[in-house]
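Participant: Can you read through this structure? Questions will come right after.
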Amino acid sequence: MRKLIFLIGCAGAFNTNAQVLSPEKFIEQVRTFHPIAKQANIKVEKANAAFLSARGGFDPTIELDASRKTFDGKNYYFSTNPELKLPTRIGGMDIKAGVEDNGGLFLNNQITRGQSSYLGVEMPLLKGLLIDQRRANLQQAVLFSQQSVQDRLKMQNDLLFDAYNAYWQWAGSYQLFSIYRQFLQVSLDRFRLVKLAYQNGDRALIDTIEALTQVQQFQLLQADAKAKLVNAQLELANFLWNENDAAYLLNDNLVPDTVQFQLYLAVEDPEQLINRANTENPTLRSLAFELEALEVQRKLKFQSLLPSLNIKANLLNQGFNVMKDFGGALLQNNYVWGVQFKIPIFLREGQGAYKQAKLKIAETNYELNAKQWSTANKIRSYYAESILLKEQIAAAQQAYNGYTALLKAETLRFQNGESSLFLLNTRENKVIETAEKLIQLRAKYLKASYGISWAAGLIR
């Protein structure tokens, strides 16, 4: 950064009890307490909660099926069947283990009498082998959690950009009001001197009218500047929140940092920023994570095109220890297995769902490409604007310095009786005009400079 020449050395110093609210302190407060910043944090917490919920799809479960029937003094049947089910992420396989205690006069012949135990698996061989709804939910939850971090950064980037703009608008309004206040005081002092000279017979009546007109003009300008300053303070108050989630108005003793208002910002080369934006811009990264989640969905929908072929197999044993006497006899004689096969004839539901998933990916890719291009052009636009504004500021500063020198010379001539109030007032008006223009240009420059970082998504 390098400093510009100050507009007026004492501008902004009229409040002797004032405390400077630096942009860094202001932004830190916005980052910490503003509701939108807290809302952005909640989005991350919600995504983490969704991830926890997705992990729940692989939680072990314990089931108990118990029943008994007695009628007319007969024990028809009884059964007590607790089971432990352990879902895995391997091929959609579920591991099951359980014990059974069955008996009664009319027990189903397919059910093993007495005490027995089993250990087995259930898994798909076609549809659901590579991915199923549980694994898709988990993968997407991980991606959505990462996406939520980028969404938080995007919200923070937008919030802080608006906060910076509000701050520098306040700084510019404050400085302009300070300048008008200073010139009003000068014109009041001059009017009193001219009036005194008129009373002593050294000045014409028209000179007092000329001096009074200038005072009135500066009073109007100061009043207008005061109104703009109040509006800027109220705009800034939109970003002022405390630790109790309560908004508050700006303290009258707080003033902006008018020194930083007059600094140039160091800005990276736009092409380098564009490269950074492609990897760091939260909007672009959020879309990239969304694409990955959609790819997971596409893989899941592809499973709808496959026939269902599911198997289940259990090793059995008498008693409650399924591993007792584990060996060839157990594997050959003590088991149960089954196969389930299913295929839709037309596959229209699966084809439609798969096509929708592919179209959504294509749609999001187009959106990502458009965002990349618009982001790059915004960076270039703000950069070009900042360069142009620096040139305009330099020209306006030179004009201001020239008009200030002319005003000093004209003031000296007036004090020596070699000039008129008309010429002196004209010089003052030109200084005011160029000072106002310079402040406006600086406010635009700061907005454009921060706009470069905002477009790149780098305001943190």
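Throughout, read-outs are computed from the coordinates displayed, never taken from laboratory work. Quick caveat, the model's predicted, so the values are computed rather than measured. When we count neighbours, we look across all protein chains shown, and the Cβ atoms used for this are built from the backbone with ideal geometry, even at glycine.
Participant: Suppose we take every Cα in region 147-229 and form the convex hull; what volume per residue is that in Å³?
Facilitator: Looking at region 147-229, the number lands at 54 Å³ per residue.
Participant: Each residue of region 247-257 in order: what ³J(HN,Hα) in whole Hz does its phi give by Karplus 6.51 cos²θ - 1.76 cosθ + 1.60, θ = phi - 60°, with x for Gly and Pro?
Facilitator: Taking θ as phi minus 60°, the curve returns 7, 8, 8, 5, 5, 5, 7, 8, 10, x, 7 Hz for region 247-257.
Participant: To continue, here is another question. Per-residue HN-Hα couplings for region 40-49, Karplus 6.51 cos²θ - 1.76 cosθ + 1.60 at θ = phi - 60°, whole Hz, x for Gly and Pro?
Facilitator: Per residue, the Karplus-derived 3J(HN,Hα) values read 4, 5, 5, 4, 5, 5, 5, 5, 5, 5 Hz.
Participant: Let me ask something else about it. Dipole of region 187-327 (Lys/Arg Cβ +1, Asp/Glu Cβ -1, origin at the Cα centre): which of Asn238, Gly319, Val267 lies farthest to the positive side?
Facilitator: So the residue we want is Gly319.
Participant: Okay, next question. Among Ser117, Pro344, Gly172, which residue has its Cα positioned farthest towards the positive end of the charge dipole of the chain, with +1 placed on the Cβ of Lys and Arg, -1 on the Cβ of Asp and Glu, and the dipole taken about the Cα centre?
Facilitator: Checking the options against the dipole of the chain, the answer is Pro344.
Participant: Please rank Ser116, Ser374, Ser449, fewest neighbouring Cβ atoms within 10 Å first, as an exposure proxy.
Facilitator: Exposure proxy ranking, most exposed first: Ser374, Ser116, Ser449.
Participant: Also, I was wondering about something else. Among the aspartates and glutamates, which fall within straight-line cross-link reach of Lys437, defined as a Cα-Cα distance under 16 Å, with same-chain neighbours fewer than 8 residues apart omitted?
Facilitator: Partners found: Asp224, Glu391, Glu428.
Participant: Return the equivalent ellipsoid semi-axes of region 69-121 as a descending list in whole Å, where each equals the square root of 5 times an eigenvalue of the C-alpha gyration tensor.
Facilitator: Each semi-axis is the square root of five times an eigenvalue, giving 31, 9, 8 Å.
Participant: To the nearest 20 debye, what charge dipole does the chain have about its Cα centre, counting +1 at the Cβ of each Lys and Arg and -1 at the Cβ of each Asp and Glu?
Facilitator: Roughly 840 debye for the chain.
Participant: How large are Rg and Dmax for the chain when only the alpha carbon atoms are used, in Å?
Facilitator: For the chain, the Cα radius of gyration and maximum Cα-Cα distance read 39.3, 136 Å.
Participant: Along region 440-446, what does the Karplus equation 6.51 cos²θ - 1.76 cosθ + 1.60 (θ = phi - 60°) give for ³J(HN,Hα), rounded to whole Hz, x for Gly and Pro?
Facilitator: Coupling constants for region 440-446: 4, 5, 5, 5, 5, 4, 5 Hz.
Participant: While we're here: Would you work out which of Gln398, Leu412, Gln216 lies farthest towards the positive end of the dipole of the chain, given +1 charges on the beta-carbon of Lys and Arg and -1 on that of Asp and Glu, about the Cα centre?
Facilitator: Gln398
Participant: Listed here are the pairs Lys154/Lys371; Lys299/Lys358; Lys299/Lys371; Lys25/Lys444; Lys43/Lys299; Lys228/Lys378; which of them are more than 19 Å apart at the Cα?
Facilitator: Check vs 19 Å cut-off fails for Lys299/Lys371; Lys25/Lys444; Lys43/Lys299; Lys228/Lys378.
Participant: So if I place +1 on the C-beta of Lys and Arg and -1 on the C-beta of Asp and Glu, and nothing else carries charge, what would the dipole magnitude of region 149-280 be about its Cα centre? I want it in debye, nearest 20.
Facilitator: Dipole size: approximately 740 debye.
Participant: Assuming R0 = 22 Å, can you tell me the calculated FRET efficiency for the pair Gln356 and Phe58, based on Cβ-Cβ distance, to the nearest 0.05?
Facilitator: Calculated transfer efficiency: 0.20.
Participant: What number, rounded to the nearest 500 deg cm²/dmol, is the helix-based mean residue ellipticity at 222 nm of the chain, given -39500 (n - 2.57) per DSSP H run of at least four residues and division by all its residues?
Facilitator: My calculation for the chain gives -21500 deg cm²/dmol from helical runs alone.
Participant: Could you list Lys226, Lys38 so that the one with the fewest beta carbons within 10 Å of its beta carbon is first and the one with the most is last?
Facilitator: Lys38, Lys226
Participant: Rg and Dmax in Å for region 169-318, alpha carbons only: what are they?
Facilitator: 34.5, 130
Participant: Moving on. Per 0.36 nm of contour for each residue apart, how much would the distance between Thr32 and Val186 grow if the chain were fully extended, relative to their Cα-Cα spacing?
Facilitator: Extending this stretch completely gives an extra 51.1 nm.
Participant: Once you keep just the Cα pairs under 8 angstrom separated by 6 or more residues, what percentage relative contact order results for the chain?
Facilitator: Once divided by the residue count of the chain, the mean separation gives 22 percent.
Participant: Is there a quick way to get the dipole size of region 13-127? I mean about its Cα centre, with the Cβ of Lys and Arg at +1 and of Asp and Glu at -1; what is the value in debye to the nearest 20?
Facilitator: Dipole about the Cα centre, nearest 20: 300 debye.
Participant: Another one. Please rank Ile27, Ile62, fewest neighbouring Cβ atoms within 10 Å first, as an exposure proxy.
Facilitator: Fewest-to-most ranking of Ile27, Ile62: Ile62, Ile27.
Participant: Taking the simple approach of a point 7 Å from Cα along Cα-to-Cβ for both Arg413 and Asn365, what is their distance in nm?
Facilitator: Computed distance between label sites Arg413 and Asn365 equals 7.3 nm.
Participant: Now for a different question. Calculate the spin-label point distance for Trp337 paired with Ser420, positioning each point 7 Å from the Cα along the beta-carbon direction, and give it in nanometres.
Facilitator: Those two pseudo-labels are separated by 11.5 nm.
Participant: So, one more: Going by a ≥ b ≥ c, the root eigenvalues of the Cα gyration tensor, does region 83-224 fall in the rounded group (a/c under 1.5), the prolate group (a/b larger than b/c) or the oblate group?
Facilitator: Verdict is prolate for region 83-224.
Participant: Now for a different question. Along Cα→Cβ, 7 Å out, is where each label goes; now give me the distance between the ones at Val20 and Ser381 in nm to one decimal.
Facilitator: Placing both labels 7 Å beyond Cα along the Cβ direction yields 3.4 nm.
Participant: Taking the Cβ-Cβ separation of Ala395 and Glu45 as r and a Förster radius of 51 Å, what is the calculated FRET efficiency to the nearest 0.05?
Facilitator: About 0.50, to the nearest 0.05.
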